[in-house]
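Participant: Below you will find the structure I want to go over with you.
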Amino acid sequence: MPTRKSFCRFCHANCAIEVDIEDGRALAVRGDAADPLFGGYTCMKGRELPAQTHHPQRLLSSLRREAGGGFAPIGSELALDEIAARLDAIRAAHGPRAIATYCGTYGFMNSAALPVAAGFHAGLGSPNLYTSITIDQPAKVYLWSRVGAWLGGPQAFSQSDVSMMIGNNPLTSHYAWQGSVPPFSPSRRLRDAKARGLKLICIDPRRTMVAQLADIHLQVRPGEDAPLLAGMLKLILDEGLHDADFCAAHVEGLEALRAALAGFTPAYAARRADVPVADLVAAARLFARGPRGVATTGTGAEMSRNGALTEHLVMALNIVCGRFCREGEVAPFPRVLSAASARKAQVMPPKPLWGEGFASSRIRGLTQMAGFEMPAAAAADEILTPGEGQVRALVCMGGNPLVAWPNQRKVERALKSLELLVCIDIKQSQSAQLAHYIIAPKVSLERDDIATAPEVFYEEPYARYAEALLQPRGDVIDEWEFFWGIARRLGTPIPTAGGPLPMDRKPDKFEVLEKITHGCRVPLARVREETREGGRIFAEARLRVEPADAGADARLQLAPAQVPEQLRRLCGEPLDEQGRTAHPWPATHLLICRRTRQFFNSTGQDLEPLRAKGATNHAHLNPADLARLGAREDDLLEISTAHAHIVGVARSAADLKPGVISMAHAFGARGDDAAAVRAFGASTNRLVDDESDYDPITGACRQTAIAVRVRVLPANAAAGAKGE
Ligand SMILES: Nc1nc2c(c(=O)[nH]1)N[C@H]1C(S)=C(S)[C@@H](COP(=O)(O)OP(=O)(O)OC[C@H]3O[C@@H](n4cnc5c(=O)[nH]c(N)nc54)[C@H](O)[C@@H]3O)O[C@H]1N2
Ligand SMILES: Nc1nc2c(c(=O)[nH]1)N[C@H]1C(S)=C(S)[C@@H](COP(=O)(O)OP(=O)(O)OC[C@H]3O[C@@H](n4cnc5c(=O)[nH]c(N)nc54)[C@H](O)[C@@H]3O)O[C@H]1N2
Ligand code: SF4
Ligand SMILES: [Mo]
């Protein structure tokens, strides 16, 4: 039986794999033990790639909604003809802005999909391109626009003495920001690092596996990271533990920041965060002692209350402690397949990425991010709000807005009101069920791809090109072919980094990828040639941090305009006797986010071996909280905000801080009754408020630390995920 090498595209980690193939079918997936970076690692999801590829319900033909409401198969070329004709009519009547695209997580798994979709939008003249980044962690992008960046890059995990992980659970998510544990084999890497002496600090309301390995776990009250980090920062500055030389040379606003932190004494910060003062002090000192290693955040910190301020404070901790690569050091994250950018021992000044000069959203005064995408949290309102620029057609590529976008009931109304909804999806997802057309795509093992999305995590100049291993059965197309086919019919160009795609003939995927990676550090043809037997490290692409340019004098901004004001406001918030901020209505718990090991957001929820690990998104509560509610494991709980409620299946979880309820998102929307909730879960996005609890710059909504009321439902109550 032939075995071929490839890389997994079930999640963004893109682990190196070997695939056993028989009769054109993938039979089994293993980690590629010879791979220099991944070393044979896979997880339970990746090992289900064959099941995902050959799933009996996988769409092998595109579908069109018929007059009676059901779907019927349609050839992909005919579907493109019809979709292009409808888009042309919409463009003629309302202008290009009426046409929008949303690229969800699986758009990022295909290296050509988003760049070609972005080129399609540029060629069409519609700014309404959305991706999951703006509902994920846009404040990390926002940092560049108010702080600037160090062009030498952050210090790497492999050389760190200390690591601080905030609202991030990479042992489950395989996701961690630059400088934290790389996403492949994260558990082993963390344990190995501990064995060589790494000190680990974890800030999480849940005693996750990371927390269990940590030297100090600060079991923060959800939503109170900003005061906690402000307290740590103040202590470091007060005790003079910061890198004064780095600050003197490269930083502006240290004194203004120090002044704005005045109220955040250890006692005050610890009271708000509900952690022992001694632990806060010890964590601050441990981090500052370093000498190397960075603080990083995941979704738990950024999606929380004051997410953008939290991100700023984390960056401020890294800056005052000087946790960057200096002149002459090897620079991590060299990114072989991305356009070359020099690493220099100097500061890139803040660069506006929102606001004036960018396309405006018609909603909540928001604007486009980085000239690239509009805020996804406002997409439903862009669809529902009449007037010039109203979105009337949406192409949803590898995303599932009905369960992933904030304010689910509004999203449902919006998707149903569209003149045209096209979903490119492997199955009839919750969102695709509302579509006029579902386009059946090739899946990963059927496509050529390069691993560009995870390059930002590679400390080494590692690259590979995976060629398609399987001949697709059925009439399926690659995502980029969809946009190319529509553009050709509309007569619009598709610009890319390497010039426009040819429209008079169809390019092959390699040609498309070459255009997209134009200017990359090792020519793509060479990467393809030299990685046929698996990924490799291109030593010649290793980078060192170069000396600063003559006269470079930009500085990292520690106290940009809004920050001192935000800190003062935070410190002035009224607290109750336990140090809690007031909730706008009588809540009993704070609902926090989590990821399941077995699914990738909503992907995998149809694969039986993964469902066997847990099919619903349990509502996890501390056993003491369950007892107080009079609930037992598997009871149904009603979880409500002032606007909506959902039903969850109770699960006792001693690792949770009391007062906290923890549930994964991207479940549910398959029926309201108890059986549906037990089998498919419920969507926490019903509870997310997009209109009053959002970041004014990025538009991102609070998706964790949501004040909710929890009560136990009578046994097997039929009540489900209802509205109001
Ligand atoms: N309340 C709350 N909401 C959240 C979050 C949260 O923590 N809490 N997290 C947010 C985050 S971080 C994100 S990234 C978003 C995710 O938002 P989305 O990306 O919109 O959601 P997913 O569930 O990842 O959607 C993936 C879709 O791709 C389809 N798919 C699977 N394989 C393929 C393939 O090979 N090709 C194609 N074309 N499609 C495929 C799946 O069937 C599924 O429908 O949700 C956000 N929403
Ligand atoms: N298996 C699997 N892997 C995934 C995904 C998946 O669904 N399944 N989703 C993928 C996606 S789209 C993304 S963006 C990444 C996300 O990757 P991560 O950010 O690592 O996501 P989580 O695993 O949910 O970890 C978030 C942590 O934040 C904590 N938390 C919640 N609220 C707060 C708070 O207010 N403060 C603090 N300090 N902590 C808080 C939670 O308890 C949790 O441990 O994961 C990706 N990887
Ligand atoms: S961690 Fe991600 S890329 Fe690696 S095997 Fe699992 S699903 Fe695949
Ligand atoms: Mo995400």
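Participant: Starting from the 7 Å offset along Cα-to-Cβ, what nm value, one decimal, do you get for the label separation of S417 and E529?
Facilitator: If labels sit at S417 and E529, their model points lie 5.6 nm apart.
Participant: Still on this structure, please answer the following. For region 445-466 and region 590-626, what is the centre-to-centre distance using only Cα atoms, to the nearest Å?
Facilitator: After rounding, the separation between the Cα centres reads 29 Å.
Participant: Using the beta-carbon distance between T3 and A624 and R0 = 60 Å, what value does 1/(1 + (r/R0)^6) give for FRET efficiency, to the nearest 0.05? The partial results should precede the final answer.
Facilitator: On the way: r = 51 Å, r/R0 = 0.85.
That gives a FRET efficiency of 0.70.
Participant: Okay, next question. Give me the distance in nm between label points sitting 7 Å out from Cα along the Cα-to-Cβ direction at M503 and K351, one decimal.
Facilitator: 2.9
Participant: Sticking with this one: Using a cut-off of under 19 Å, list every residue of region 481-496 whose amide N is near the label point 7 Å from the Cα of A92 along the Cα-to-beta-carbon line.
Facilitator: Inside the label zone: 486-493.
Participant: Could you compute the FRET efficiency for D549 and L575, with r as their C-beta to C-beta distance and R0 at 30 Å, rounded to 0.05? Present the calculation step by step, with values, prior to reporting the outcome.
Facilitator: Details: r = 48 Å, r/R0 = 1.60.
For R0 = 30 Å, the calculated efficiency reads 0.05.
Participant: Here is a further query. If you count only protein heavy atoms with a 1.4 Å probe, what accessible area per residue comes out for the chain, rounded to a whole Å²?
Facilitator: Values: 25670 Å² over 724 residues.
Per-residue value: 35 Å².
Participant: What size of dipole, in debye to the nearest 20, comes out for region 564-691 about its Cα centre when the only charges are +1 on Lys and Arg C-beta atoms and -1 on Asp and Glu C-beta atoms?
Facilitator: Details: 15 positive and 17 negative charges, 90 e Å.
With Lys and Arg at +1 and Asp and Glu at -1, about 440 debye.
Participant: Give me the Kirkwood hydrodynamic radius of the chain, using the inverse of the mean 1/r over all pairs of distinct Cα atoms, in Å to one decimal. Write out the running numbers ahead of the final one.
Facilitator: Values: mean 1/r = 0.0380 Å⁻¹.
Roughly 26.3 Å, rounded to one decimal.
Participant: Going through region 13-120, which GluC sites (Glu not before Pro) have at most 11 other Cβ atoms within 10 Å and a DSSP loop state?
Facilitator: Details: sites: E18, E22, E48, E66, E77, E82; in loops: E66.
Filter output for region 13-120: E66.
Participant: Now for a separate question. Sorted by accessible area with a 1.4 angstrom probe, largest first, how do K410, K194 fall?
Facilitator: K194, K410
Participant: Can you pull out the GluC sites (Glu not before Pro) in region 307-366 that DSSP calls coil and that have at most 13 other Cβ atoms within 10 Å? Walk me through the numbers before you get to the answer.
Facilitator: Details: sites: E311, E327, E329, E356; in loops: E327, E329, E356.
Filter output for region 307-366: E356.
Participant: When only DSSP loop residues count, what GluC sites (Glu not before Pro) in region 562-635 have their Cβ near at most 13 other Cβ atoms within 10 Å? Intermediate values should be presented prior to the final figure.
Facilitator: On the way: sites: E565, E577, E633; in loops: E577, E633.
Passing both the DSSP loop test and the Cβ count: E577, E633.
Participant: Right, next: Normalised radius of gyration for region 3-53, please: alpha carbon Rg relative to 2.2 N^0.38 Å, two decimal places. All intermediate terms of the calculation are to be shown ahead of the outcome.
Facilitator: On the way: Rg = 10.0 Å, N = 51, 2.2 N^0.38 = 9.8 Å.
Relative to the rule-of-thumb radius for its length, region 3-53 sits at 1.02.
Participant: In percent, how large is the relative contact order of the chain, given Cα pairs closer than 8 Å and 6 or more residues apart? If you can, show how the numbers build up before the last one.
Facilitator: Working: 1658 pairs, mean separation 135.0, N = 724.
After rounding, I find 19 percent.
Participant: Right, next: Considering Cα pairs under 8 angstrom that are at least six residues apart, work out the relative contact order of region 208-282 and quote it in whole percent. Please list the in-between numbers first.
Facilitator: Numbers: 62 pairs, mean separation 36.5, N = 75.
Relative contact order for region 208-282 comes out at 49 percent.
Participant: Region 238-307: Rg/Rh from Cα coordinates, Kirkwood Rh?
Facilitator: On the way: Rg = 13.9 Å, Rh = 14.2 Å.
Rg/Rh for region 238-307 comes to 0.98.
Participant: Can you give me the Cα centroid spacing of region 348-383 and region 1-80 in angstrom?
Facilitator: 34
Participant: Relative contact order of region 338-411, please, whole-number percent, based on alpha carbon pairs below 8 angstrom and at least 6 residues apart. Before the final figure, lay out the partial values.
Facilitator: Numbers: 57 pairs, mean separation 13.2, N = 74.
Relative contact order of region 338-411: 18 percent.
Participant: Give me Rg over Rh for region 533-635, both radii from the alpha carbons and Rh done the Kirkwood way, two decimal places.
Facilitator: With Rg and the Kirkwood Rh in hand, the quotient comes to 1.19.
Participant: Another question, then. State the three equivalent ellipsoid semi-axes of region 42-163, derived from the C-alpha gyration tensor as the square roots of 5 times its eigenvalues, in descending order and whole Å. Walk me through the intermediate numbers first.
Facilitator: Working: eigenvalues 272, 133, 25 Å².
Taking √(5λ) for each Cα gyration eigenvalue gives 37, 26, 11 Å.
Participant: What does the convex hull of the Cα atoms come to per residue for region 584-721, in Å³?
Facilitator: Details: hull volume 15.5 nm³, N = 138.
Spelled out: Cα convex hull of region 584-721, divided by residues, is 112 Å³.
Participant: Please report the net charge: other residues with Cβ closer than 15 Å to the Cβ of R555, K and R +1, D and E -1.
Facilitator: With Lys, Arg at +1 and Asp, Glu at -1, the net is -3.
Participant: Follow-up question, since we're still on this one. State the extension gain, in nm to one decimal, for the chain segment bounded by A262 and V277, taking 0.36 nm per residue of separation less the distance between their alpha-carbons.
Facilitator: On the way: separation 15, 0.36 × 15 = 5.40 nm, distance 1.67 nm.
Here the segment from A262 to V277 would lengthen by 3.7 nm.
Participant: Now, a different point. Residue farthest toward the positive end of the dipole of the chain, with Cβ of Lys/Arg at +1 and Asp/Glu at -1: which of L143, L420, G671?
Facilitator: Working it through, the farthest residue towards the positive pole turns out to be G671.
Participant: State log₁₀ I(q)/I(0) for region 154-324 at q = 0.10, 0.13 Å⁻¹ as given by the Debye formula over alpha-carbon point scatterers of equal weight, solvent excluded.
Facilitator: Debye intensities relative to I(0), on a log10 scale: -0.32, -0.55.
Participant: In addition: What part of the accessible area of region 638-708, given as a whole %, is carbon or sulfur when the probe is 1.4 angstrom?
Facilitator: Details: 1040 of 2100 Å².
Heavy-atom surface of region 638-708 belonging to carbon and sulfur, 1.4 Å probe: 50 percent.
Participant: Moving on to the next point. Tell me the carbon and sulfur percent of the accessible area for region 437-514, rounded to whole percent, probe radius 1.4 Å.
Facilitator: On the way: 1150 of 2410 Å².
Carbon and sulfur: 47 percent of the exposed surface of region 437-514.
Participant: Right, next: Considering only Cα-Cα distances, which of the following residue pairs are longer than 27 Å: K199/K613; K416/K506; K199/K657? Write out the running numbers ahead of the final one.
Facilitator: Working: K199/K613 32 Å; K416/K506 34 Å; K199/K657 23 Å.
The pairs that break the limit, which is 27 Å between Cα atoms, are K199/K613; K416/K506.
Participant: Please give the Cα centre distance for region 389-438 versus region 157-204, rounded to the nearest Å.
Facilitator: Between the Cα centres of region 389-438 and region 157-204 lies a distance of 36 Å.
Participant: Tell me the carbon and sulfur percent of the accessible area for region 53-161, rounded to whole percent, probe radius 1.4 Å. Each step should come with its number before you reach the end.
Facilitator: Numbers: 2100 of 3530 Å².
So the carbon and sulfur contribution to the accessible surface is 60 percent.
The values are calculated or read from the model by the stated rules, or taken from the named source; none is laboratory data. Since this is a predicted model, take the numbers as computed values, not measurements. FYI the Cβ positions are ideal-geometry reconstructions off the backbone, even for glycines, and counts take in every protein chain you see. All accessible areas refer to the heavy atoms of the entire protein, side chains included, with ligands and DNA or RNA removed. Shrake-Rupley method; radii C 1.70, N 1.55, O 1.52, S 1.80 Å.
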